[in-house]
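Read-outs: derived from the displayed coordinates by stated rules, not from any lab. Here the structure is a predicted model, which means the values were calculated and not measured. Neighbour counts are summed over all protein chains in view; Cβ atoms, including those assigned to glycine, are modelled from backbone coordinates with ideal geometry.
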Amino acid sequence: MFITSLSLKNFRNYAEETFSFDGGINVLYGKNAQGKTNCAEAVFYLCTGVSPRTGRDRQLIRHGQECAHIAARAETRFGTVLLEADIYENRREVRVNGGRISRNADLLGNLDGVYFSPEELRMVQGGPEERRRFLNVSISQLSKSYYTSLVRYNKILEQRNALLKNRDLALVFETLPVWDVQLCRYAAEVTLRRAEYLEKLAPVAAQKHAYLTDGAEKLVLGAEKRRGGTREEIEASLLRELSDNYEKDVKLGFTTVGPHRDDLKILIDGAEARVYASQGQTRTASLAVKLAEVEIFRELTGEPPVLILDDVMSELDLARRRKLLAEVEGIQTILTCTHTEKVLFGRAVNKIRIAGGKIKR
């Protein structure tokens, strides 16, 4: 799958521009703070319905304007797809092939995207919420049932947490088991899908990491906690965990166990990467995971996703730049950088120069 065109109107610093992309490497280049990352962000927004940079859609609207518009036309193995989003201060309207959709689940899977930027190092260096976010965004694109279960799980979790703040303890202890049965139904689906995804991702990430490091280091990914192999076993295990933590949850006023608290282990040569990895090791591990993500998308959907590499080359040495370019062969890649001659080694690519939110031809 690949994008053929992207139109932006009043999006970030763009007044109105239309980009034409090739199926191979597309390089957005220019000085810093000109709008290269904003273009990359818009592509990923149409893939997932969320920005990789902010949780507030209104920040995507150009200053002084009331609405931002994004549209992309893409070619997939099922044919041409047109994705559009109108973003307002407190709402948005998303359309697929002209038809308005009310659920984000209906956007997912139309255009798959893998996004990598220096901020993505948080997946390794940051807290558990960053690694959960990575899993949620990636798996949701591949599985609508996962996304739907995650949404329902979070809604029930919110209600359970509200109950835990009630000072009528008799009511709390009487009602918790009712909420737990509903919570665990969706929690089991989320946990199972994460385990299945990691089972596929981990060996490929280890392979990509070995390639990038010439076999000098070993990367291991895995779930921090295992709750059984079947949905029924996971559900029963979660019910026990919740029950065992009733008093703790009531005391703290929130649910202390479950998929919303789980973590992903990332080890480099047996050491926890979050604690011991250097900046260079962190960058290489993050990139290996993203390249593995591309391969999993290709395997499960039958075609590679759009790969978005925002300001990655400047942080890699020459050897790893060459390796990365070899890895993205045959994949539509949208790459941002400041100087093309320093990162492309004479490759023929689609170059687009950006200055002040405008394409300079």
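Once the principal axes of the Cα atoms of the stretch 155-280 are found, what is the range along each, listed largest first in whole angstroms?
Principal-axis extents of the Cα atoms in the stretch 155-280, largest first: 60, 30, 22 Å.
Starting from the Cα of K248, draw a straight line to each of the lysines and keep only those under 26 Å, dropping any in the same chain fewer than 8 residues away.
Once the sequence-local lysines are set aside, what remains near K248 is K155, K165, K225, K265.
Relative contact order, percent, of the chain when contacts are C-alpha pairs under 8 Å separated by at least 6 residues? If you can, show how the numbers build up before the last one.
Values: 638 pairs, mean separation 94.7, N = 361.
RCO, the chain: 26 percent.
5 Å is the cut-off here: which amide hydrogens, built 1.01 Å from N in the peptide plane, fall below it relative to I334, excluding neighbours closer than 5 in sequence?
Residues meeting the amide H criterion: N26, L307, I308, L309.
Given contacts defined as C-alpha pairs under 8 Å and at least six residues apart, what's the relative contact order of the stretch 1-71, whole-number percent? The partial results should precede the final answer.
Numbers: 90 pairs, mean separation 29.1, N = 71.
With pairs under 8 Å counted, the relative contact order is 41 percent.
Cα centroids of the stretch 217-238 and the stretch 72-94: how far apart, whole angstrom?
Rounded to whole Å, the Cα centres lie 35 Å apart.
Give the label of the value calculated from the structure for Rg and Dmax of the Cα atoms in Å, choosing from (i) 21.7, 72; (ii) 26.1, 86; (iii) 19.6, 69.
Comparing each candidate, only (i) matches the computed number.
What is the gain in length, in nm to one decimal, between E299 and Q159 on full extension, counting 0.36 nm per residue of separation less the C-alpha to C-alpha distance?
Details: separation 140, 0.36 × 140 = 50.40 nm, distance 3.77 nm.
Result for the pair: 46.6 nm of gain on full extension.
Calculate, in whole percent, how much of the Cα-Cα pair population of the stretch 129-212 lies beyond 21 Å. Please list the in-between numbers first.
Details: 1540 of 3486 pairs.
More than 21 Å apart: 44 percent of the Cα pairs in the stretch 129-212.
Separation between the A271 and R58 pseudo-spin-labels, each 7 Å from Cα along Cα→Cβ, expressed in nm?
Result: 4.6 nm between the two label points.
So if I place +1 on the C-beta of Lys and Arg and -1 on the C-beta of Asp and Glu, and nothing else carries charge, what would the dipole magnitude of the stretch 100-179 be about its Cα centre? I want it in debye, nearest 20. Write down the numbers at each step before the final one.
Details: 12 positive and 9 negative charges, 40 e Å.
In debye, rounded to 20, the stretch 100-179 gives about 200.
Out of residues 5 or more away from K265 or on other chains, whose amide H comes under 5 Å of its own, with H placed 1.01 Å from N in the peptide plane?
Counting only residues 5 or more places away or on other chains, the set is G222, A223, E224.
Which whole-number percent of Cα pairs in the stretch 28-114 have a distance greater than 20 Å?
I get 34 percent for the Cα pairs in the stretch 28-114 exceeding 20 Å.
So what J values fall out for the stretch 81-87 if you push phi through Karplus, 6.51 cos²θ - 1.76 cosθ + 1.60 with θ = phi - 60°, rounded to Hz, Gly and Pro as x?
Taking θ as phi minus 60°, the curve returns 10, 10, 10, 9, 9, 9, 10 Hz for the stretch 81-87.
Counting only residues 5 or more places away or on other chains, whose amide H sits under 5 Å from the amide H of A15 once H atoms are built in the peptide plane?
HN-HN under 5 Å from A15: N10.
What number, in percent, do you get for the relative contact order of the stretch 26-145 if the mean sequence gap of Cα pairs under 8 Å and at least 6 apart is divided by its residue count? Don't skip to the end; give the middle numbers.
Details: 140 pairs, mean separation 25.1, N = 120.
Here the relative contact order equals 21 percent.
Provide the net charge surrounding T336, with neighbours chosen by a C-beta distance below 11 Å and charges set as Lys +1, Arg +1, Asp -1, Glu -1. Intermediate results must be reported in sequence, preceding the final value.
Values: positive: K36; negative: E41, D310, D311.
In short, -2.
For the stretch 244-293 and the stretch 1-34, what is the separation of their C-alpha centers, rounded to whole Å?
Going from one Cα centre to the other spans 34 Å.
Could you work out how far the C-alpha centroid of the stretch 305-361 sits from that of the stretch 99-128, in angstrom?
First find each Cα centre; the distance between them is then 20 Å.
Provide the FRET efficiency to the nearest 0.05 for the A216-R353 pair, computing r from the beta carbons and using R0 = 35 Å.
Values: r = 37 Å, r/R0 = 1.06.
It comes to 0.40.
Quick one: work out the % antiparallel among DSSP beta bridges in the chain, nearest 5. Write out the running numbers ahead of the final one.
On the way: 41 of 58 bridges.
That works out to approximately 70 percent antiparallel.
Between their Cα atoms, which of K290/K323; K36/K144; K36/K358; K36/K360 are more than 20 Å away from each other?
Numbers: K290/K323 14 Å; K36/K144 30 Å; K36/K358 10 Å; K36/K360 12 Å.
In this structure, K36/K144 lie more than 20 Å apart at Cα.
Find the Rg to Rh ratio for the stretch 84-186, where Rh is the Kirkwood radius over alpha-carbon pairs and Rg uses the same atoms.
Details: Rg = 17.9 Å, Rh = 16.7 Å.
Using only Cα positions, Rg/Rh for the stretch 84-186 is 1.08.
About the Cα centre, and with charges only on the beta carbon of Lys, Arg (+1) and Asp, Glu (-1), how big is the dipole of the chain? Nearest 20 debye, please. Write out the running numbers ahead of the final one.
Values: 55 positive and 49 negative charges, 177 e Å.
So the dipole magnitude of the chain works out to roughly 840 debye.
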